[in-house]
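The values are calculated or read from the model by the stated rules, or taken from the named source; none is laboratory data. These numbers were taken from a predicted model, which means no experiment stands behind them. Backbone-built Cβ (ideal geometry, glycine too); neighbour counts: all protein chains shown. The accessibility values were calculated without ligands, DNA or RNA, using every heavy atom of the protein model including side chains. Shrake-Rupley method; radii C 1.70, N 1.55, O 1.52, S 1.80 Å.
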Amino acid sequence: MEWIQTIMKAVHYMENNLTNDISIEDVSNHIFMSGSNFQRIFTSVTGITIGDYIRNRRLSLSGKALFLTDSKIIDIAMRYQYDTSESFSKAFTRFHGIPPSVAQKQSDMLKFFHPFTINVFIQGGFNMSKEIIVPTFRGEWGSYEVTENGFTAKKIKGEVLYHFEKFDSKPSAVKFEASSDKGDIHVSIQYLKDGQKNNHPDNMETREESATGNGVFDLSKLKNGHYILRAYSKKAENVSFGYKFLN
């Protein structure tokens, strides 16, 4: 699991610096690897380069910013490290299929490039079948460990996301357990309907528990689609989180 945590640490660093001027060397230095070596590993695992990941995430978030805020196009272009509105408009149109001026008025054509998580599916042995879902950490956290269907962390200030694509057999519910020595953990389940292209809040059905503890989200009335299980805290220490889907 060490290589998974290394990649996820790099992803976390990139997510926290999408509005800053960062390079491949900055990312690789953060995880104490050579740039060429990590670029090779990252591309082999994910299928795209580090530069493509950063570019896709910036263009994805800039589309949401254009629609949800009153910011000027040039201001958003500069925020996501484009020198001119012309270069931003060209890259934005290539990515979304519409120019920034159109994105300010409608969101249904925007594309959303989700933060990476790593799903490892293991088969073999005595008909063994096991899927490992690695969470995306966004914000600040202390040392952490990815466990089976969960994680532990010394501290969290931000959110942890688990992305689940369509299930072969849709679960009826998801059960979670969240605990911390200090601070509350807010847990929610979001569902993106089939055929929708982005996770704008208007397109999501969200169910949320308000504080640390155990809970169950009923999924029986939802169609099979894309689920996002989210654990969030303003600040918590010695956190333990686990989940289980119920048939």
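Taking the criterion of being at pLDDT below 70 and buried (at least 19 other Cβ atoms within 10 Å of the Cβ), the residues of segment 152-208 that qualify are L192, N198. Restricting the search to helices (runs of 4 or more DSSP H) fully inside segment 1-78 and requiring at least 1 residues that are within 30 Å of Q106 (Cβ to Cβ) and open to solvent by 60 Å² or more (accessible area, probe 1.4 Å) gives 2-16, 50-68.
Quickly run through segment 104-113 and pick out the residues that are at pLDDT 80 or above and crowded, with 16+ Cβ neighbours inside 10 Å. Hits for segment 104-113 are Q104, L110, F112, F113. Of the numbered criteria (1) farther than 25 Å from G158 by Cβ; (2) aromatic (F, W, Y); (3) under 20 Å from the mean Cα position of the chain (by Cα), the one Y82 fails is (3).
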